[in-house]
1. Please work out the Cα convex hull volume for the stretch 1-40 and give it in Å³ per residue.
2. Name the shape class, rounded, prolate or oblate, that the alpha-carbon gyration tensor gives for the stretch 1-104, where a ≥ b ≥ c are the square roots of its eigenvalues, rounded holds for a/c under 1.5, and otherwise prolate holds if a/b is larger than b/c and oblate otherwise.
3. Suppose all protein chains stay in the model; what accessible area per residue would a 1.4 Å probe give for the stretch 1-72, in Å²?
4. Loop-only GluC sites (Glu not before Pro) in the stretch 31-96, please: DSSP not H, G, I, E or B, and at most 11 other Cβ atoms within 10 Å.
5. Find how many whole Å separate the alpha carbon centroid of the stretch 21-59 from the alpha carbon centroid of the stretch 160-190.
Amino acid sequence: MVVADQALSCFVGAWGFINATLTNTISGALIPEWHSMYPSGISVYSETRYNSFIITANDTTQPEYRPKNLTLPAKPTDPVAEWAIVAQHSLAAGGPFVLTNVTVPEGKGKGRASCGGASKRQGQGQGQDGLGYDGGKGGDHDKKEQEHHDHRRYSGAVGPSGVMHTHFTTATLPSWVDFDLSNDFEFFDDCNVHVLRAYFGDVVQTVFFDRLPAHS
């Protein structure tokens, strides 16, 4: 199995958001985003190399951005301002991706057996992010913990790393249709956790995910 296929094997499945930060790489300052540091959402990867995701403001800790009175089909009497709030605090997109510059740690060349097992969320209660992590801690976390959920927090082995290039063919944000995005990726915890890092000039967006349990 080539290393890119090993990385793909790690990606395939469903993932929940652990945290997401936007950081100035020069000052180290965190930059506020439209979602909290602990967004709600899901990201799904297929064996045919497609990814789709939705990310929203936190369903539990940011109810002001998640009005539950809006339903489908939309009604003419719905407040436009409330629909605007939902649109401003959510993003869904999808499209094909390719993996490049993939490296695999020595001794990790045996396919899926070394790239993901049972999710650590299985059997756990849900946190305030609704996904098994206590996202409600928010400001109680120190800056290092907010920015760096690195491999030292995880007991399992470090997995593949490289670059993922995604071409979005559909998105709720029109400017993201036909938009190309590159993320550095790295897997931890026997491929049950991964991080994506996208660089925009002096700003880096860092998003950590953990694998959701198999649905039965």
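The values are calculated or read from the model by the stated rules, or taken from the named source; none is laboratory data. Please read these numbers as outputs of a predicted model, since none were measured by experiment. Ideal geometry is used to build each Cβ from the backbone, glycine not excepted, and the neighbour counts take in all protein chains shown. Surface accessibility is based on the protein's heavy atoms, side chains included, excluding ligands, DNA and RNA. Shrake-Rupley method; radii C 1.70, N 1.55, O 1.52, S 1.80 Å.
1. Working: hull volume 4.0 nm³, N = 40.
It is 99 Å³ per residue.
2. Numbers: a/c = 2.97, a/b = 1.60, b/c = 1.85.
Judged from the Cα gyration tensor, the stretch 1-104 comes out oblate (a/c at least 1.5, b/c at or above a/b).
3. Values: 3350 Å² over 72 residues.
It amounts to 46 Å² per residue over the stretch 1-72.
4. On the way: sites: Glu33, Glu47, Glu64, Glu82; in loops: Glu33, Glu47.
Loop-located and lightly packed - Glu47.
5. Result: 11 Å between the Cα centres.
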